[in-house]
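Taken together, the values in this text are just the output of simple stated rules run on the coordinates, not laboratory data. Not measured: the values here are computed from a predicted model. A quick note on method: Cβ atoms are made from the backbone with ideal geometry, for glycine too, and the neighbour counts reach across all protein chains shown.
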Amino acid sequence: MKLKEIEKVLVEKFPDAPLSRDETGMSGAQWSIAVALSGIREAAKAFDKAGFFLESITALDFEDTFELVYHFNYYEPKSRVVVRMLCGHDEVPQSICDIYRGAVWLEREVHEFFGIKFSGNADMRMLLLPEDADYHPLRKNFGKVSAYHKREVIYG
Amino acid sequence: MAEQDITQETSRVYSLNLGPQHPSTHGVLRILLDLDGEYIVKADPVIGYGHRGHEKMGENRPYKQFLPNSSRMDYLSGMIFNHGFVLAVEKLVGIEVPERAKYIRVIASELNRISSHLLWFGTYVMDLGGFTPFLYAFDDREQILDILDSVSGSRLTYSYCRFGGVCRDVDSRFIDMTRAFLKRMETRWADYDNLVTKNIIFIHRTRDVGIIDRELCRQYGVTGPNLRACGVSFDVRRSEPYEVYDRLDFEVPTGSKGDALDRYDVRFKEMQQSCRIIDQALDQLPGGAFVAEKVPQKLKPPKGDVYTAFESARGLSAYYMVSDGSPGPYRCHIRVPSFGNLNALNDVLPGTMVADAISILGSIDVVIPEIDR
């Protein structure tokens with residue numbers, strides 16, 4: 001029920017955003033929506049209002065861009081929803097840590113691993129790495145990697 | 001007049017390091033506490049001492065070579081994390097798992113869940129000053145370790161699951177040992193109840209201590225027994241049943257207030273439910289193969305995302321992998337439950353006393369290496 005509710009709200013808020021349903025169940029989510037980088041706060045507010053919790057925030061590093069992936073979930077069977085945003089290598093996304101308090105740590109983790117700064121998150125210290133670390137280990141130009149692709153190679 | 005310069009106001013709040021080496025932190029966790037007398041004003045957990053870079057390791061090797069890493073994330077529920085990883089890869093590649101293997105994995109995972117909860121039970125009560133229950137709990141846990149050791153060859157970092165099944169079949173000895181363990185536990189629950197649950201000192205140290213309510217759980221993404229303790233009946237084994245959990249009859253215990261006593265109660269009942277699951281799974285255990293026949297040596301997964309959630313002893317865990325069609329993932333992200341559970345301490349600890357902080361920290365049952373990854 002919650003799923004229908006949030007779908008309606010998001011489609012109204014982002015009429016142009018492509019919404020893709022997952023029939024195979026591979027992605028673990030019922031559907032995913034790709035919003036613009038500036039849209040995450042609007043989306044997070046909608047999820048917060050509907051009572052969803054924030055399951056994880058992570059990023060993917062491609063040759064041409066970052067992609068931020070937010071997983072939201074509700075305490076009902078099969079309610080996981082994915083919000084994806086493209087984020088250029090030098091762009092600064094907005095923080096949602098005043099909407100979801102747990103996002104402070106999740107954004108700190110994305111920041112240290114990928115070097116993506118979140119504007120509005122006052123606490124951008126290292127979380128898991130040493131406090132003086134000046135590298136971003138999950139960037140594909142760090143350490144041993146097996147591949148560094150453009151986004152279209154994987155998502156077509 | 002010089003004495004008056006050192007005013008009470010400026011010297012009132014002081015900082016204290018809890019950890020990184022402290023018996024109650026179970027791993028290397030440091031909490032920077034700002035104290036006003038015995039009361040906590042601000043708590044800042046400092047983590048990362050056990051960071052090994054599992055996500056990076058996942059990205060630069062084939063799926064098969066990452067298999068041993070999966071049990072080393074949360075070393076107390078290694079079997080469950082191992083199980084979750086093979087589930088994710090099987091879903092990605094499309095490997096059919098024989099029925100027998102599914103049951104074996106569920107039995108092994110539930111045994112692992114009980115052993116994890118037993119360790120928590122023993123050490124938590126010890127944190128609160130009761131030494132004897134620890135010995136009882138470790139005695140029982142030892143039985144489980146022996147059972148799992150007999151099939152997987154190791155006591156903690158099992159790596160027992162394989163893509164398409166498990167590495168060794170279970171024999172009649174395993175089944176007899178497990179049955180004997182279940183029989184033994186029937187009388188142990190009453191012992192534990194008498195030793196701990198009805199102990200007045202224990203009740204005073206846990207009741208109304210460290211309340212994590214529904215809203216706080218939602219804000220921080222708290223899951224598992226900590227979430228269920230505040231009355232939310234949410235369990236991945238129920239909401240997205242994997243393997244054969246939908247064929248097994250079990251309850252999802254919940255509490256009401258979300259204090260440390262509720263969290264204790266929920267875990268305690270969960271162990272009993274796990275025994276029920278194992279009992280049924282042993283009854284239903286079919287014959288046949290324990291590993292799929294045709295699993296390619298070199299996996300060729302399709303491109304795209306795979307996300308598999310499973311319930312570890314501490315809550316909702318998940319593997320999120322992005323495949324570029326090569327034998328290893330392009331990105332391997334692991335959602336660990338302790339991350340959110342520990343994060344909530346930022347809001348729970350302020351206002352409580354130092355002695356309660358130990359009780360609260362123990363009651364949320366965090367495993368630090370799991371957070372550090």
Inset, instruction - Using Cα centres only, tell me the gap between the range A:78-111 and the range B:152-172 in whole Å. - result: 37 Å
Inset, instruction - Indicate the gyration tensor shape class of the range A:82-156 (rounded, prolate or oblate), computed on the Cα atoms with a ≥ b ≥ c the square roots of the eigenvalues: a/c under 1.5 is rounded; otherwise a/b larger than b/c is prolate and the rest oblate. - result: oblate
Legend entry - GNM top mover of B:141, B:52, B:335 - chain B, alpha-carbon springs below 10 Å: B:52
Inset, instruction - For the protein assembly as shown, take the alpha-carbon Rg, divide it by the Kirkwood Rh, and send me Rg/Rh. - result: 0.97
Legend entry - Distance from the range B:32-77 to the range A:137-155 (C-alpha centre basis), Å: 24 Å
Inset, instruction - For chain A, set up a Gaussian network in which alpha carbons nearer than 10 Å are linked by springs, and say which option among A:34, A:43, A:17 fluctuates the most. - result: A:17
Legend entry - the range A:2-140: C-alpha gyration tensor shape, a/c 1.5 cut-off, then a/b vs b/c: prolate
Inset, instruction - In nm, give the distance between the simple-model label positions of residue B:96 and residue B:167, each being 7 Å from the Cα along the Cα-to-Cβ direction. - result: 2.7 nm
Legend entry - B:109, B:239 arranged by Cβ crowding within 10 Å, fewest neighbours leading: B:239, B:109
Legend entry - Phi-based couplings in Hz for the range A:131-145 (Karplus 6.51, -1.76, 1.60; Gly and Pro marked x): 5, 9, 5, 10, 10, 10, x, 8, 5, 6, 9, 10, x, 7, 10
Inset, instruction - For the pairs B:91/B:183; B:198/B:257; A:140/B:42; B:56/B:298; A:45/B:257, note any where the Cα-Cα span goes beyond 29 Å. - result: B:91/B:183; A:140/B:42
Inset, instruction - Would you mind checking the tilt of helix B:260-284 against the longest principal axis of the Cα atoms of chain B, expressed as 0 to 90 degrees and rounded to 10? - result: 10 degrees
Legend entry - GNM top mover of B:241, B:225, B:253 - chain B, alpha-carbon springs below 10 Å: B:241
Legend entry - Rounded to whole Hz, the Karplus (6.51, -1.76, 1.60) HN-Hα couplings of the range A:18-34, x for glycine and proline: x, 10, 10, 8, 9, 7, 7, x, 4, 7, x, 10, 6, 7, 10, 10, 9
Legend entry - C-alpha center-to-center spacing [the range B:295-373, the range B:95-150] in angstrom: 20 Å
Inset, instruction - Evaluate the distance, in nm, between pseudo-label points positioned 7 Å from the Cα of residue A:2 and of residue B:146 along their respective Cα→Cβ axes. - result: 4.4 nm
Inset, instruction - Sort B:77, B:172, B:154, A:79 so that the residue with the fewest other Cβ atoms within 10 Å of its own Cβ comes first and the one with the most comes last. - result: B:172, B:154, A:79, B:77
Legend entry - Among A:106-115, B:182-191, A:121-130, B:341-350, the order from most to least packed when residues are scored by Cβ within 10 Å on average: A:106-115, B:341-350, A:121-130, B:182-191
Legend entry - Angle between chain B longest axis and helix B:354-363 axis [Cα atoms, degrees, rounded to 10]: 10 degrees
Inset, instruction - Starting from the Cα of residue B:138, step 7 Å along the direction of its Cβ; do the same at residue B:154; then give the gap between the two resulting points in nm. - result: 2.2 nm
Inset, instruction - Would you mind ranking A:136, B:83 by Cβ crowding within 10 Å, fewest neighbours first? - result: A:136, B:83
Inset, instruction - Determine ³J(HN,Hα), in whole Hz, for all residues of the range B:63-75 in sequence, where each value follows from phi through the Karplus function 6.51 cos²θ - 1.76 cosθ + 1.60 and θ = phi - 60°; x replaces Gly and Pro. - result: 3, 5, 6, 8, 3, x, 5, 4, 7, 9, 6, 10, 6
Legend entry - Using alpha-carbon coordinates, inclination of helix B:172-192 to the longest axis of chain B, degrees: 20 degrees
Legend entry - Quarter of Cα convex hull surface for the range B:47-331, i.e. mean projection, nm²: 15.0 nm²
